[in-house]
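Remarks on the structure that follows.
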Amino acid sequence: MNVPAIEFLNVSKSFRQKQVLDSVRFTVPQGAICGLLGSNGSGKSTSMKILLDLVRPSEGRALVLGMDANNPAESLAVRRRVACVTEDKSFYPYMTVQQVLDYARKFFNGWNTERLSVLLKRFELDRSCLAKNLSKGNRAKLALTLALCRSPEVLILDEPTEGLDPLAREDFLQELVQASLDGVSILICTHQLAEVEKIIGSIVLLEKGKVLLHAEVETLKEKSRFYHLTFRDQPPAQIAGLPANARISRAGRSMVVSSVGERWDWRKSFADLGVEEKPMTLQEIYGEVLKINREKRGGDGNLE
Amino acid sequence: MWLKINPGSGVPIYIQLMEQIKHSIAIGSIRPGDQLPTIRNLAHELVINPNTVARVYRELEFEKVLELRHGAGVFVADRPANKDRSDMIQAVQPHFRKAVEQGTAAGMSEEQMRALFESEIDRSKSTGRKGK
């Protein structure tokens, strides 16, 4: 049996009084591409840091390939098998691309020279250029090249497509699909949902340190809908039998019910009405989940 | 066969691909016995999650549209179902075409026609047989 690539088992983390992660639980199977999403301050970075043992949980455990990422006896072995591309892609300012590559390869046994020449060609990186003089997009490509040439089993990426032009982004995503086909498990932390939605298989949505949603993307999109209802008179104040994750917004005689992860059988209550159904994009699902959660907590869009 | 996905439409990618593959069969751009790209090649070419392609092939095999031959690859099934499909489309398409022409002549927008079409499908689902 395959152990999962990444497993968060009720991980909580507090910095002094402030709770940053609250019983976070999710799994990324081997070979999968998972998106870790959330607004600023939702706990994405802390989760990543826990996987790299830069932060240790207050409670719970984080496992990578079955090993405890925060156990000193295992964390080094974990880091050998995990590559990470951070948001800050800076290199030694006095090194050329070639020197950066020569330097990096000395640290890793599994350095894949064949893959390197393919990637350099693909990304059109100039080996003689000073790494600090590369454009933002090319720095991101160099960082991904370094990460992939290590032959990692797990790849963690923080805002990987930020600063990439559309063509470069497509090349970048294609290399990630290729890595996934080669068996690499990938965790992408981002809030640029639309840019990565076609390559991620599942999402974990964090908000204020809690997992609001952990689902398979295609099934989620299939089951999430906007329902637009137009009434002859005033819309009713309440609707019985709405799915668990649904909310209502009103405007005059019309009403929109948004339901995430579950179809709403409106025919039971409104068979005589013309109801329009519209699919939700991942970005819209994300927005609706946050709103539904805020309404459930009783706040009226109140952030703090 | 020409496959083109729109990831931002809200429609699951696997459903877009299933429809496009069936359409390609119906219009004869791929025929019974033709081989389809491997999961690897299609995922790489379309830059989508490999599991999505696997799901498309799995579901189309279940619907007997495609045939998975072990070690050989994925093929358009050599079954009457695929022929029936193309006959069916040829029989119904003129009616749709006519409806669109009449709608356009009456000054309806594309959006209005689509909404009307969707609501007719919904109506037939709620009055006729139980929808899926």
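A compact table of results
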item: For chain A, radius of gyration divided by Kirkwood radius, i.e. Rg to Rh on alpha-carbons; result: 1.05
item: At R0 = 25 Å, FRET efficiency that the Cβ-Cβ distance of residue B:72 and residue B:3 yields, to 0.05; result: 0.75
item: Potential extension, residue A:14-residue A:250 segment - 0.36 nm per residue separation minus Cα distance; result: 81.0 nm
item: Pairwise centroid distance, computed over Cα atoms, of segment B:1-28 with segment A:125-154, Å; result: 35 Å
item: Helical mean residue ellipticity (222 nm; -39500 (n - 2.57) per DSSP H run of 4+; nearest 500) of chain B; result: -20000 deg cm²/dmol
item: Rule-of-thumb Rg ratio for segment A:219-296 [Cα; 2.2 N^0.38 Å; N residues]; result: 1.04
item: Computed [θ] at 222 nm, helices only, for chain A once each DSSP H run of length n ≥ 4 contributes -39500 (n - 2.57); result: -9500 deg cm²/dmol
item: Under 15 Å from the residue A:39 label point (7 Å along Cα→beta-carbon), backbone N, segment A:176-209; result: A:191-192, A:205-209
item: Extension reserve of the residue B:64-residue B:40 stretch, reckoned as 0.36 nm per residue once the Cα distance is removed; result: 6.5 nm
item: For segment A:97-154, convex hull of alpha carbons as volume per residue, Å³; result: 79 Å³
item: Cα-projected label distance for residue A:54 with residue B:117, points at 7 Å along beta-carbon direction, nm; result: 5.0 nm
item: Two-site label geometry, residue A:108 and residue B:96: point separation in nm, points 7 Å out along Cα→Cβ; result: 4.9 nm
item: Efficiency of FRET between residue A:239 and residue B:125 - r from beta-carbon atoms, R0 22 angstrom, step 0.05; result: 0.60
item: Cα centroid of segment A:158-231 to Cα centroid of segment A:37-113, whole Å; result: 21 Å
item: Environment charge at residue A:116 (Cβ cut-off 13 Å; Lys +1, Arg +1, Asp -1, Glu -1); result: +4
item: Gain in span if fully extended, residue A:124 to residue A:271, counting 0.36 nm per residue against the direct Cα distance; result: 47.1 nm
item: Spin-label model distance (nm) - residue B:54 vs residue A:77, 7 Å beyond Cα toward Cβ; result: 2.7 nm
item: Of B:124, B:37, B:5, farthest towards positive along the dipole that unit charges on Lys, Arg, Asp, Glu beta carbons give chain B; result: B:124
item: Loop chymotrypsin sites (Phe, Trp or Tyr not before Pro), segment A:11-96 (other Cβ atoms within 10 Å of the site Cβ: 15 or fewer; DSSP); result: A:94
item: Overall dimensions of segment A:78-124 as given by Cα atoms, namely Rg and Dmax in Å; result: 11.9, 31
item: Fraction of alpha-carbon pairs over 18 Å apart in segment B:81-126 - percent; result: 45 percent
item: Selection of GluC sites (Glu not before Pro), segment B:1-92, meeting DSSP coil and at most 12 other Cβ within 10 Å; result: B:63
item: Viscosity 0.890 mPa s, temperature 25 °C, Stokes-Einstein D of segment B:48-123 from Kirkwood C-alpha radius, µm²/s; result: 158 µm²/s
item: Cα-based Rg and Dmax for chain B, where Dmax is the largest Cα-Cα distance (Å); result: 17.1, 55
item: Reciprocal mean inverse distance between Cα atoms of segment A:19-155 - Kirkwood radius, Å; result: 16.6 Å
item: Nearest-0.05 FRET efficiency for residue B:110 and residue A:230, computed from C-beta distance (R0 22 Å); result: 0.60
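Computed from the coordinates by the stated procedures, all read-outs in this text should not be read as laboratory data. All values reported here derive from a predicted model rather than from experimental measurement. Glycine also receives a Cβ, built like all others from the backbone with ideal geometry; neighbour counts cover every protein chain displayed.
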